[in-house]
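Single-structure report; data block below.
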Amino acid sequence: MSQFSYQNGVLHAEGVSLSAIAEQYGTPAYVYSKAQLLDNFASYADACRGRDALVCYAMKANSNLAILDLLARQGAGFDIVSGGELLRVIAAGGDPKKVIFSGVGKSVEEMRLALQHDILCFNVESIPELHRLNDVAGSMGRRARVSLRVNPNVDPKTHPYIATGLKASKFGVAFSDALATYRAAAQLPHLDVAGIDCHIGSQLLDDAPLLEALDKLIELIDALGDEGIHLHHLDLGGGIGVDYGDEEDGAPVAVADYLGRVFARVDAWRAERHAGRPIKVIFEPGRSIVGNTGVLLTKVEFIKHGEEKNFCIVDAAMNDMARPALYQAWMDMQPVVQADGGALYDVVGPICESGDWLARDRALAVKEGDLLVMKTAGAYGMTMASNYNTRGRAAELIVDGTQVHVVRQRENPADLFALESVIK
Ligand SMILES: *Cc1c(COP(=O)(O)O)cnc(C)c1O
C-alpha cells in the first residue's frame with residue numbers, strides 16, 4: 001500500500017497533507033515517507049531472513065543522511081561509488097564493514113580512505129584497478145578484499161543509459177576475460193579474492209535477465225573452484241524497477257518473488273555442486289528501496305497557452321529532477337488537490353533550456369498557485385540535482401505519521417557562490 005494517498009480530495013504523505021507541507025516549508029520540496037522506506041527495505045530483509053545474505057543499499061539513489069541512518073538501523077549495508085559516499089555512511093552512523101565499493105574509476109585517495117575504514121569489499125572493474133588497489137593496500141600494510149564485477153552480457157531490456165551489463169558497456173570485466181582476471185588477482189600479494197559481482201542495469205521490470213546473470217556467475221564460481229580459487233560471496237547488484245505509473249511499462253516484479261527465485265537457484269546449485277561451502281548472497285538495490293518513498297512537491301507559477309501547446313510552468317525544474325531531460329523518463333504528475341476536467345499541458349520548469357521539462361501532454365486541471373507532485377521521485381532525484389541557473393536545491397522532508405522533519409534545508413543562493421572569489 002502506498003503511503004501517499006488522497007484523503008478528502010487532498011494528497012497526503014502518511015498523515016500530513018501536502019498542502020500544509022507546502023505552506024509551512026515552501027516549494028519545491030522533496031517529501032519522503034518513513035513508513036514507505038522501512039516497508040521497502042523490509043521486503044528485502046524479510047526475504048533474506050535466516051540466510052547468509054546482506055542488503056547493501058545503493059546510496060547513489062538517495063544519499064540523505066536521515067535515509068541512510070534509518071536504513072543502517074535496520075541492518076542495511078551500503079553500496080558506494082565514491083569516497084564522499086563512504087564519508088556519508090560514516091556520518092550517518094552506518095557500519096563501514098558492511099560497505100561495498102563499486103565504480104570504474106576509484107582514485108588512490110578513495111582506495112586509501114576505504115582501506116582505513118576496513119570496508120567489506122571492493123568491486124573491481126579492470127586489471128589496472130587491481131594493480132592500483134594492490135599497491136595502495138601494500139603501502140598501508142593492509143590487504144584488500146576484492147570481487148570482480150563481471151559483465152555477463154545479458155540484455156536487461158531497459159533504457160540504454162541505464163543498461164550496464166552488455167559487451168559494449170564501460171562497466172565490468174568481460175565474461176570471457178573473467179577467469180584470466182581472477183588468476184591475475186589471486187597472484188597479487190595484498191589482495192584477498194573474496195567474491196564475484198555484477199550489476200546489469202536499472203529499472204528492470206522482469207527478473208529473467210537477473211536470473212540469467214546469476215546462472216552465469218554460478219558457472220564462473222564453479223570454474224574458479226576447479227582452479228582452487230574459492231569465493232565467499234556472490235553479489236547480484238541492484239536493478240529491480242519501480243512502478244512509475246506509465247501504463248506502457250506496467251509494474252515490476254515483486255522483490256519477494258525475485259529473491260525467492262534467487263535463493264531457490266542458489267540452494268539447488270549448492271545441493272548439487274557446491275556442498276559444504278558457505279556463500280553469502282549480496283544485493284545492491286537502490287531505486288526499489290527509495291523510488292516510491294518520495295514525491296517532488298511543486299507549485300504552478302504560470303499557465304501559458306502557446307500556439308501549439310499549453311504550458312504549465314512550475315517552480316521545480318530539471319536541476320531538481322533530471323530524469324525526464326536525461327532519459328526521457330516518464331514520471332507521473334498529479335495535483336495535490338483533486339480536480340476534474342482540465343486540458344493537456346507540458347509541465348516545464350523555469351530553466352533556460354528546452355530540455356527543461358518534467359512531464360509532457362498530461363491532462364491537468366490547473367491554475368496559477370496550485371500544487372502538483374511528481375510521484376516516485378525518491379530515487380535519482382535529489383542526488384542528481386544541480387545548481388544550474390544558480391537555483392538552490394530543494395528542501396528535503398521526511399514525514400513520520402503526523403510529524404514532518406526537515407532533513408535537508410533549502411539552499412540559499414548565497415551558499416551557492418560562497419566558495420567562489422574574484423581575482424585581485
Ligand atoms: C546504481 C547501482 C546500483 C543500484 O541500481 P538500482 O537500479 O537503483 O537498484 C547497484 N549497484 C551498482 C554497482 C550501481 O552502480
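Each value in this text was obtained by applying a stated rule to the coordinates, not by laboratory testing. Predicted model, so just to flag it, every value in this text is computed and none were measured. Neighbour counts run over all protein chains shown; Cβ positions are idealised from the backbone, glycine included.
Entry note, the chain: relative contact order of 19 percent, from Cα contacts under 8 Å with a spacing of 6+ residues. Shown for CYS48, CYS312, CYS352: other C-beta atoms within 10 Å of each C-beta, ranked fewest to most, produce the order CYS352, CYS48, CYS312. The base-10 log of I(q)/I(0) for the range 103-283, evaluated at q = 0.12, 0.13, 0.18 Å⁻¹, reads -0.59, -0.68, -1.18 [Debye formula, identical scatterers on Cα atoms, solvent excluded].
Since only LEU113, HIS305, ALA61 are under comparison, the one whose Cα sits farthest along the positive direction of the charge dipole of the chain, derived from C-beta charges on Lys, Arg, Asp and Glu, is LEU113. Considering only PRO209, PRO278, PRO152, the Gaussian network model of the chain with Cα springs below 10 Å gives its largest mean-square fluctuation to PRO278. Rounded to the nearest 20 debye, the dipole size of the range 103-283 about its Cα centre is 880 debye, using +1 on the Cβ of Lys and Arg and -1 on the Cβ of Asp and Glu. Among LEU71, ALA339, GLN7, which residue has its Cα positioned farthest towards the positive end of the charge dipole of the chain, with +1 placed on the Cβ of Lys and Arg, -1 on the Cβ of Asp and Glu, and the dipole taken about the Cα centre? Of the candidates, LEU71 comes out farthest on the positive side.
Please compute the contact order of the range 69-125 in relative form: average sequence separation of alpha-carbon pairs under 8 Å and at least six residues apart, divided by the residue count, as a percent. Don't jump to the answer; show the numbers that get you there.
Details: 76 pairs, mean separation 20.7, N = 57.
In percent, rounded to a whole number, it is 36.
Over the chain, dividing the summed -39,500 (n - 2.57) contributions of all DSSP H runs of at least 4 residues by the number of residues returns a 222 nm mean residue ellipticity of -8500 deg cm²/dmol. Of all lysines in the structure, those lying under 21 Å Cα to Cα from LYS304, and not within fewer than 8 positions of it along the same chain, are LYS367. The listed peptides 412-423, 319-330, ordered by packing as a protection proxy, come out as 319-330, 412-423 (highest mean of other Cβ atoms within 10 Å first). Quick one: which of LYS106/LYS157; LYS216/LYS375; LYS106/LYS170; LYS280/LYS375 span more than 25 angstrom between C-alpha atoms? The answer is LYS106/LYS157; LYS216/LYS375; LYS280/LYS375. Our summary gives the range 103-283 a relative contact order of 19 percent, counting only alpha carbon pairs under 8 angstrom and 6 or more residues apart.
The peptide list 233-239, 96-102, 270-276, put in order of mean Cβ contacts within 10 Å with the highest first, becomes 233-239, 96-102, 270-276.
Nearest 0.05, what FRET efficiency do LYS424 and GLU227 give at R0 = 56 Å with Cβ-Cβ as r? Can you show the working numbers first?
Values: r = 63 Å, r/R0 = 1.13.
The pair LYS424/GLU227 has a calculated efficiency of 0.30.
Rounded to the nearest 20 debye, the dipole magnitude of the chain is 1160 debye, with +1 charges on Lys and Arg beta carbons, -1 on Asp and Glu beta carbons, and the Cα centre as origin. Take each peptide in 284-292, 224-232, count the other Cβ atoms within 10 Å of every residue, and average; sorted highest first, the result is 284-292, 224-232.
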